[in-house]
1. Setting aside same-chain residues fewer than 8 positions from residue 139, which aspartates and glutamates have a Cα under 17 Å from its Cα?
2. Modelling each spin label as a point 7 Å along the Cα-to-Cβ direction, I'd like the residue 41/residue 155 distance in nm, to one decimal.
3. Can you compute the FRET efficiency between residue 180 and residue 78 using 1/(1 + (r/R0)^6), with r the Cβ-Cβ distance and R0 = 22 Å? Round to the nearest 0.05.
4. Give me the number: length gained by fully extending residue 192 to residue 105, i.e. 0.36 nm times residue separation minus the C-alpha to C-alpha distance, one decimal in nm.
5. For the peptides 42-51, 177-186, 190-199, what is the packing order when you average, over each peptide's residues, the other Cβ atoms within 10 Å and list the highest mean first?
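Only the coordinates and a few stated rules stand behind these numbers; no lab work does. Keep in mind that this is a model prediction, so the values were computed, not measured. Cβ coordinates were reconstructed from backbone atoms using ideal geometry, including for glycine residues, and neighbour counts include every protein chain displayed.
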Amino acid sequence: MTGPRRYGDAGQAFPIYITVVGGLLFLALAYFAVGQATVNRGGAQTAADAAALAAAQDARDELADKWVEAVLDPNQWQDIFNGDVPLTGDPCSRAHQLAGWNDADVQGCSGSGLPLGYEVVVQTRTTMGESIVPVTAQKKSRANATAVIEPLCEFKLPAEGAGDNSLPRLTCDGKEWDLKPDDLTELPEPEDLFDVHLAD
């Protein structure tokens, strides 16, 4: 009498076993799809961060060049440090380049504000991939990032009519630069003049 019951129990357990295994397999595939999407989104954010920083660094370098050109005219310094001067280059071209290196395309790039900043929107070139979620097969990830350029330097213009032909002392992030009009061989580097970082 015990034998038939044992086989009957096994027969009843088999469908439950199949259901449990099927459910676990579905969950595993679902987690895999979520993982694919997360990796794809992470790639998009990395590309956006790199592109925004590249644009801001390119603009910073041009601002530093403008400061060097105007170093003998301290009245122009503050506008340059504020980023309130026209730029002749195209910082967004660097954003496109860096996004491409990260397998993404720039969908938008703009610079504005004080402090000067660059906002970049990118989209991945690859999709999230085939999975149990049909929409991921064609879906690409988008991300945006903003990088800002902040001046690190302070100075005090001499009083009008002071008759002093020297340049103001420049203090950049705690480091002092005593600039001499007749000896400009050692000037601050772009990274001494400006800080470039992602916006919080």
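1. By straight Cα distance, residue 139 reaches 103, 105, 130.
2. Reported label-point gap for residue 41 and residue 155 is 4.7 nm.
3. According to the calculation, E is roughly 0.60.
4. Answer, rounded to one decimal: 28.2 nm.
5. The packing order, highest mean first, is 42-51, 190-199, 177-186.
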